[in-house]
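This report concerns only the one structure given below.
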Amino acid sequence: MKKEKLLSLILDSWNKAVVFVDTDHVIQYMNLPAKKQYAKWGDVIGKSIFDCHNENSRTIISNAFSQLKEGSDEVLFTDNEKHRVYMRAVRDENSNLIGYYERYETPLGK
């Protein structure tokens with residue numbers, strides 16, 4: 001089995017949505033939970049992440065992306081009673097930023 005297929009199956013088995021976006025803010029990958037969670041948007045692979053968000057969210061994403069470009073590995077951008085959402089950097093073997101994804105977790109105490 002090819003490594004790409006194996007990694008895709010592993011990510012599909014996880015119960016959290018994973019949406020990988022490149023540095024041009026184009027959606028490159030969605031695991032199965034993400035496809036289910038965002039089904040109302042249809043097939044968004046190859047489209048801009050900004051097309052799926054309102055102006056306020058676009059600003060938050062842009063600000064978090066700037067922090068990732070400056071070297072942060074992860075930026076918390078939503079923290080409420082439902083969930084905490086982080087933007088997480090993906091870097092190549094030379095530490096160059098190649099994209100990002102959102103990481104969700106349950107709020108503390110929940």
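Before moving on, here are some points about what is shown:
- Full-extension gain in nm, K69 to S8, via 0.36 nm per residue minus C-alpha separation: 19.4 nm
- Size of charge dipole - the chain - debye, nearest 20, with Cβ of Lys, Arg +1 and Asp, Glu -1, no other charges: 440 debye
- With a Förster radius of 30 Å applied to the C-beta separation of F50 and M1, the computed FRET efficiency comes to 0.30.
- Across the chain, Cα-Cα distances exceeding 21 Å account for 38% of all pairs.
Rule-based calculations on the coordinates, nothing more; no lab input. As the structure is a prediction and not an experimental result, all values here were calculated from the model. All Cβ positions, even for glycine, are placed from backbone atoms using ideal geometry, and neighbour counts span all protein chains on display.
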